[in-house]
1. Gaussian network model of the chain, Cα springs within a sub-10 Å range: biggest mean-square fluctuation belongs to which of 171, 139, 192?
2. If each Cα of the chain is one equal point scatterer, what is log10 of I(q)/I(0) from the Debye formula at q = 0.07, 0.15, 0.16 Å⁻¹?
3. By average Cβ neighbour count within 10 Å, what is the ranking of 180-186, 5-11 from highest down?
4. Jot down the per residue volume, in cubic angstrom and as a whole number, of the convex hull over the alpha-carbon atoms of the range 135-236.
5. Given only helices, namely DSSP H runs of n ≥ 4 each adding -39500 (n - 2.57), what is the per-residue ellipticity at 222 nm of the chain, to the nearest 500 deg cm²/dmol?
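Only the coordinates and a few stated rules stand behind these numbers; no lab work does. Computed from a predicted model, the values in this text were never measured in an experiment. All Cβ positions, glycine included, derive from the backbone under ideal geometry; neighbour counts span all protein chains shown.
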């Protein structure tokens, strides 16, 4: 009736693939169902409190600050790694660096907390688990970055490689978790694709230069997604 290959329908039913909106509408038309009714049923299944919605809102707003501070953090790391003179007027670079690492961790915690709560509401165990792991990896990175500030280059390089592998190993499934929200958030969940690409470059280590250019745009896409989660829940 819908002129779609039987094997394709079987794969959709088994959850092996996510159908395009056109395919979904075609199937629903053959079944005499309405896409908006399906979305409404999905919304009615969601279970969340006002506290959850308020927390996501706070996490989203603090996410803006996180992106700004972490951008400065990236700039600071590049400056120190390449011995640039742009910070020579600052009397205590170490204190500035450690403070930035601490603030970045606090903001990273709140940012990924928003995704953890989103995973809880949308019943995504993958997003919940990887959000926690992102908090852990970020915490270890920011803590040891400050702790190893005066260490030799070999220790710093080794720590940097381990950190990249950690972010990559956790970030890729985190991106998959975001991508799986497309049932509710449509195209906004495609930020998961860019998240996967970002952390894949970190996992290779040799493509780290690409992640420097990708990280801020990807974080902005993640922030937009968090705002869309808030808006979606507000209209539920």
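1. 139
2. Evaluating at q = 0.07, 0.15, 0.16 Å⁻¹ gives log10 I(q)/I(0) of -0.29, -1.03, -1.13.
3. Going by the mean number of other Cβ atoms within 10 Å, highest first, we get 180-186, 5-11.
4. Expressed per residue, the convex hull around the Cα atoms of the range 135-236 is 99 Å³.
5. That calculation yields -26500 deg cm²/dmol at 222 nm.
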